[in-house]
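Step one of this worksheet: look at the structure below.
The values are calculated or read from the model by the stated rules, or taken from the named source; none is laboratory data. Keep in mind that this is a model prediction, so the values were computed, not measured. Cβ placement follows ideal geometry from the backbone for every residue including glycine, while neighbour counts extend to all protein chains displayed. Heavy atoms of the whole protein, side chains included, go into the accessibility calculation; ligands, DNA and RNA do not. Shrake-Rupley method; radii C 1.70, N 1.55, O 1.52, S 1.80 Å.
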Amino acid sequence: MLSAARRSIAVTGVVQGVGFRPYVHSLASRLGLSGFVRNRAGGVIIEVEGAADALDRFVSELRGRPPPLARIEELSCEERQPRGEAGFRIDPSESRPGGTAFISPDVATCPDCLRELDDPGDRRHRYPFLNCTNCGPRLTIVTGAPYDRERTTMAAFAMCADCRREYDDPRDRRFHAQPTCCPRCGPSLRVLDARALPVDAPAPVAYAARALLEGRIGAIKGLGGYHLACDARSERAVVALRARKSREEKPFAMMVADLAAAEALAHVSGAERELLLSPARPVVLLRRLAGAPVAPSVAPRDPLLGIMLPYTPLHHLLLRETRAPLVMTSGNRSDEPIAHEEADAFDRLQGIADFFLAHDRPIHTRCDDSVVRVVGGRPLPIRRSRGSAPMPSSLPVPLREPTLALGGQLKSVFALAEGRRAFLSHHLGDLDHPAALRAWEQSIARYRELCRIEPRHLVHDLHPDYASTRWAEEQALPRIAVQHHHAHFASCLAENGLTGPAIGVCFDGTGYGLDGTIWGGEFLVGDLRRVERAAHLLAVPMPGGEQAIREPWRMAVSYLRAAGEDVEADGVLLRMLERGVSCPLTSSMGRLFDAAAAIAGLRGRVSYEGQRAIELEWLATGADGEPPYPVELDDGVVDTRPLIRALARDAREGLAAARIARRFHSSVVELIARTCLWLRRRGAPDSVALSGGVFMNAILLEEASQRLSGLGFRVLRHRLVPPNDGGLALGQLAAAAVME
Ligand SMILES: [Zn+2]
Ligand SMILES: [Zn+2]
């Protein structure tokens, strides 16, 4: 007898590698439906046949309660002629080219797998590579689309009979779990010494734990690359790691065994707890507890600690063994890309690591840990990488042609997009390093293949000297340039699903301006297509150009001189300023932070970008509300010289640096509010987008949001992509969609 009806259901989104087909199989079987499900590039196709009301229930359950890791983007149904089939089956994947493909991000070990890890009776008891359809490596091991075992780095491991049985059983949690394996058939751990020679260690995890507790530094192969690890309580070990890695002061991230261990070191709010435990398992920046047992050099003077929980079985085993917080920082020297290939890691990390805890499951795509901070009760991404990339973001306006957005120069992230879908890459670091540039180029090629998007347009930053701009010029594709702060503004609009018009408050360190000067304290008014630079900070000379970024006191001299204060400084520097030699002009808010910090008493060079702004925020955190310094607003130019004069007076009179820092923050909030009010009086819209790296500053973001809301503005902020240059590519795409 023929069934009542048959439907063909096309589903797109992140539905491969997330247990979607087993879920469909069990749902169809439960409802007594026949038919099939099949992976294809970009999603799955389902045909189901049976009673009409059962078909309706099938579709509504699919829509309403998909498996936890799936993200359904579109679901469309068509009626088909019933065939009278019996049973429901999972068909082999289609591997025809065409159609965008989705790759799932890597997923932290799920509770079911953790139970097996701990169960002495389970055949995967203490096996460091166990995973299932609900967890495990994805992006980092995928070598092609659609997602199948032969197109992962697990292809070289032939499944044993037991694993194969689970893999083939639609009722099993490991049904079509592509990276599934067990101690009999899967990867294994090994230990190598400082010269990368094999060490006879029958229990590699115990060996590594002991070595770490003895104060040694280990290179530990994780999901997206090698971490350099040491005991976070041992000042000696942490200092040694800093010296060997050439990382002077930038805080290190830590991994702790569980939530309780995190709470022993830092305050954890509800929102932060959720992030710590999320399947993406980012590093969460948490407010450290007084007296937290962490070596001073982990995060010198920093009131925050970057903490993450274990996200692979290996991490779980290691942390249980050490029972101590571990520093877990990217396995590289300084800002080079994270090491992920065996030979390269052994080569580059020799001299840093005392031992290696390695394994034989290759990492195809390197991926650093993501970093998030909670501001105003909501997540603010600082770095969007492992666990989030390459989850697509949605553009407010569809692109007419497939487009590749190249991002910026620092904290580089590119994005490949088609229609409304934008696939933002993982974090690729600073393209100043030739190695990073090579990795960036290689990743672009890989994403093209994985996402199956062949770009026909390029969009890049306006800066003529960015490596990405030069790369774009060498390609035989039409390209457009988007001004840096316009792209920041557009990224904030885009992730809020808007096209404008709005005011864009875009504050950062450096961006190439339309007039050839260095912008960074900008009030833009406009939409995705076009913006007017409606107001900006008064431009001041940046003596020595880039050198002024590394030596922030140069900006103090420049600002003090501009403000008519007496300055005692190096004669060469003063002559430079007098003659305007090597003194590009900048309206950067980042440089104003540098000047304020130096005048407030923070001396010396900085060892990483934005360090002074971060330190000023730390200082201000320790003080109560202080009145703002005066600022003049003169026809769209925010004159900060009165601020500098008052701040210098406070410093001369010996006001504590914390109170100066606090007053300075109040001043920036006030100048944002006043300028936005002035713009609104002149007809600007009352939506305000806050973007640019300066808005990683929690005091500023939170207080500016509150102040603007209080004045009746609608405040737009980032929650999906970072406000820094890591979010630039999304804005470039959104702008390109309306500019093409
Ligand atoms: Zn699992
Ligand atoms: Zn097996």
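Could you list, in sequence order, all residues of the stretch 145-160 that are open to solvent by less than 10 Å² (accessible area, probe 1.4 Å) and more than 13 Å from ligand 2 (Cβ to nearest atom)? Before the answer, list the steps.
So in the stretch 145-160, the residues open to solvent by less than 10 Å² (accessible area, probe 1.4 Å) come out as 146, 152, 154.
Within the stretch 145-160, 146, 152 qualify.
Name the pairs: first residue in the stretch 172-196 and in contact (Cβ under 8 Å) with a residue 40 or more places away in the chain and not assigned by TED's automatic domain parsing to the domain that holds residue 27, second residue among the polar types (S, T, N, Q) and within 14 Å of ligand 1 (Cβ to nearest atom), Cβ to Cβ under 6 Å, at least 6 apart or on different chains?
Listed by first residue and then by second, the contacts come to 174/180; 177/133; 179/131.
Here's a check for you: in the stretch 123-144, which residue that is within 11 Å of ligand 1 (Cβ to nearest atom) and surrounded by 24 or more Cβ atoms within 10 Å (Cβ to Cβ) is farthest from the chain's Cα centre (by Cα)?
130
Of the residues 651, 656, which is at negative phi, of a type in the set (A, V, I, L, M) and out of contact with any helix residue (DSSP H, G or I) (no Cβ under 8 Å at 6 or more places or on another chain)?
Unique residue meeting the criteria: 656.
Based on this model, can you work out whether residue 271 counts as in a helix (DSSP H, G or I), within 22 Å of residue 384 (Cβ to Cβ), open to solvent by 10 Å² or more (accessible area, probe 1.4 Å) and in contact with a strand residue (DSSP E or B) (Cβ under 9 Å, 6 or more places away or on another chain)?
Against the criterion (in a helix (DSSP H, G or I), within 22 Å of residue 384 (Cβ to Cβ), open to solvent by 10 Å² or more (accessible area, probe 1.4 Å) and in contact with a strand residue (DSSP E or B) (Cβ under 9 Å, 6 or more places away or on another chain)), residue 271 qualifies.
Residues being in contact with a helix residue (DSSP H, G or I) (Cβ under 8 Å, 6 or more places away or on another chain), at pLDDT 95 or above and open to solvent by 10 Å² or more (accessible area, probe 1.4 Å): count how many of those fall in the stretch 361-376.
Result for the stretch 361-376: 3.
What are the pairs with Cβ atoms under 8 angstrom where one residue, in the stretch 133-146, is not assigned by TED's automatic domain parsing to the domain that holds residue 25 and among the β-branched types (Val, Ile, Thr) and the other, located anywhere, is open to solvent by 10 Å² or more (accessible area, probe 1.4 Å) and within 16 Å of ligand 2 (Cβ to nearest atom)? Sequence gap at least six, or different chains.
133/173; 133/176; 141/361; 143/155
Here are some conditions: (1) free of Cβ contacts under 8 Å to residues at least 60 places away in the same chain; (2) surrounded by fewer than 21 Cβ atoms within 10 Å (Cβ to Cβ). Residue 497 meets all but one. Which one does it not meet?
So residue 497 meets the others, but not (1).
Give me the residue from the stretch 161-171 that is without any contact (Cβ under 8 Å) to a residue 24 or more places away in the chain and more than 16 Å from ligand 1 (Cβ to nearest atom) and, out of that set, most open to solvent (accessible area, probe 1.4 Å).
165
Does any residue of the stretch 250-268 turn out to be closer than 25 Å to residue 719 by Cα, open to solvent by 10 Å² or more (accessible area, probe 1.4 Å) and assigned to a helix (DSSP H, G or I)?
Checked the stretch 250-268: at least one residue is closer than 25 Å to residue 719 by Cα, open to solvent by 10 Å² or more (accessible area, probe 1.4 Å) and assigned to a helix (DSSP H, G or I).
Do we find that residue 353 is in contact (Cβ under 8 Å) with a residue 24 or more places away in the chain and aliphatic (A, V, I, L, M) in this structure?
It is true that residue 353 is in contact (Cβ under 8 Å) with a residue 24 or more places away in the chain and aliphatic (A, V, I, L, M).
In this structure, does residue 156 turn out to be out of contact with any Gly (no Cβ under 6 Å at 6 or more places or on another chain), more than 16 Å from ligand 1 (Cβ to nearest atom) and in a loop (DSSP other than H, G, I, E, B)? So that I can check it myself, show each step before the final result.
Values: out of contact with any Gly (no Cβ under 6 Å at 6 or more places or on another chain): yes; more than 16 Å from ligand 1 (Cβ to nearest atom): yes; in a loop (DSSP other than H, G, I, E, B): yes.
The answer is yes for residue 156.
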